[in-house]
Amino acid sequence: MIPIQGELTTISDLRLSTTNAVLHVRVSRMWEFREGGNEKGNIKHLDLVLIDLKGDAIYAEIPLDVIPILKPQLREKLIIFIGKFVVEKAKPGYKVVHNPYMLRLNRRTTIATSNANDLDFPKYTFSLTPIEILPQFVKNKECFLVVRNTAGGLMMRRIIKLQNLSLPVDATPVEKIDLPNEVQTHVAFEERNLLQLNDIDPFTQKDERYQCTVTIIGIPEKQHWCYRACRVCSSKMISASDGFQCTKDGGYPSKQFEWKYKIPFIVADGTYTLEFMMFERRATELIGKSAETLRKYNDLDIIPNEISQWIGHKFTFVVRILYKKSMRTEHPSFEVLLIKDRHGKQAVLPLLNTQSSAQETGTSSALLPTKDLPELMTISSKTPTD
């Protein structure tokens, strides 16, 4: 029986969709990554190489603000159980081991020391490259090679060739059919206030739905209110050399996009303040216009009046945690699944709790007040977001 919550898995079975997994691994290497690549630079993050019983290895990264929490529990050669980590694509320009994925640890990451037999676990990971073929990698920026002299001799890191996957040139969009689900029926959901929602664990409670009554008190002014969405799967589209490409894992060959809502409302109820996100379907229901329509007359950086007019209105929502985003932040964000009740515009806004998360989550700096509302309190952020 593993000592921490989650499903025991191996490094080779990790995927971007992995959420509540536990790894049984050895800390093969641990080092500080510093600015400028020298010992005098400021620490940017703590890096690890983890190896499991099968000999597979993966690179893991601990953000600067989490180092004081996790570093005391780690040391080289230690065998551990580790859970509540985020699986990401490996960095294209910094590959310490041969693995398409990497781990990003966080404040919720759990670590427990294992009493496994030390001789059962591999201690090092490496691959050998014949010296006679090294010249072919000269000036080849697609490969990463580290050779380091150590007190015990020469330690080599593997050479990795990065390749682009060939994708089909055509794809037929799948027609989306909306079927009734529990959110659209008269199912009773557990009532939670925002202080209670702040304790939701994105690793273990990602499928739970909750009902809450809140007031919209602002919109982060440094976040966009809509995004370029893939016409096939609605994932975010990013700029590419030949136009735009879908960011979904595995990729879609679609080059066309449409604008869809992604509105980060700041909500409060007197107990706490959190971020509630509205996507296309619910935002269109609220606003009465599609994102495509609003985008024709409004910039991404300016919140349209059709959106900001809802500041000060009180609603009863059914929500679910945005687990992928919340895994990376100290405080969770939620998606609005259902607008259950509308209570109208409020004469008085809920007071901001001095310990409210809006100051510390991934939401950005200021609230956007409307003309007929009293001036809202500024919400600052230590960590700006995209």
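Odds and ends about this structure:
- Residues that are more than 23 Å from Arg107 (Cβ to Cβ), out of contact with any Asp or Glu (no Cβ under 8 Å at 6 or more places or on another chain) and surrounded by 14 or more Cβ atoms within 10 Å (Cβ to Cβ), drawn from the range 27-54: Ile51, Asp52
- Strands (runs of 3 or more DSSP E) lying entirely in the range 264-358 (those with 2 or more residues that are touching a helix residue (DSSP H, G or I) at 6+ places or on another chain (Cβ under 6 Å) and surrounded by 21 or more Cβ atoms within 10 Å (Cβ to Cβ)): 273-279, 333-345
- Scan of the range 118-158 for residues that are under 23 Å from Pro92 (Cα atoms) and either among the polar types (S, T, N, Q) or modelled with pLDDT of 80 or more (or both), ordered by number: Tyr124, Thr125, Ser127, Thr129, Gln136, Asn140
- Among the residues of the range 72-91, just one is closer than 21 Å to Phe121 by Cβ and part of a helix (DSSP H, G or I), namely Gln73.
- The selection criterion, being more than 17 Å from Arg26 (Cα to Cα), touching a residue at least 60 places away in the same chain (Cβ under 8 Å) and in contact with a Leu (Cβ under 8 Å, 6 or more places away or on another chain), does not hold for Val66.
- Residue within the range 65-73 that is surrounded by fewer than 15 Cβ atoms within 10 Å (Cβ to Cβ), under 25 Å from the mean Cα position of the chain (by Cα) and among the acidic types (Asp, Glu) present: yes
- Meets criteria (buried (at least 17 other Cβ atoms within 10 Å of the Cβ), hydrophobic (A, V, I, L, M, F, W, C) and modelled with pLDDT under 95) for Val96: yes
Let's see how each residue does on (1) farther than 29 Å from Pro202 by Cα; (2) of a type in the set (D, E, K, R):
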position: His45; (1), (2): no, no
position: Pro72; (1), (2): no, no
position: Lys91; (1), (2): no, yes
position: Asn99; (1), (2): no, no
position: Thr109; (1), (2): no, no
position: Leu128; (1), (2): yes, no
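- Within the range 99-118, if we keep just the residues that are of a type in the set (Lys, Arg) and part of a loop (DSSP other than H, G, I, E, B), the residue that is surrounded by the fewest Cβ atoms within 10 Å (Cβ to Cβ) turns out to be Arg107.
The values are calculated or read from the model by the stated rules, or taken from the named source; none is laboratory data. Remember, it's a predicted structure, so these values are computed and weren't measured experimentally. All Cβ positions, even for glycine, are placed from backbone atoms using ideal geometry, and neighbour counts span all protein chains on display.
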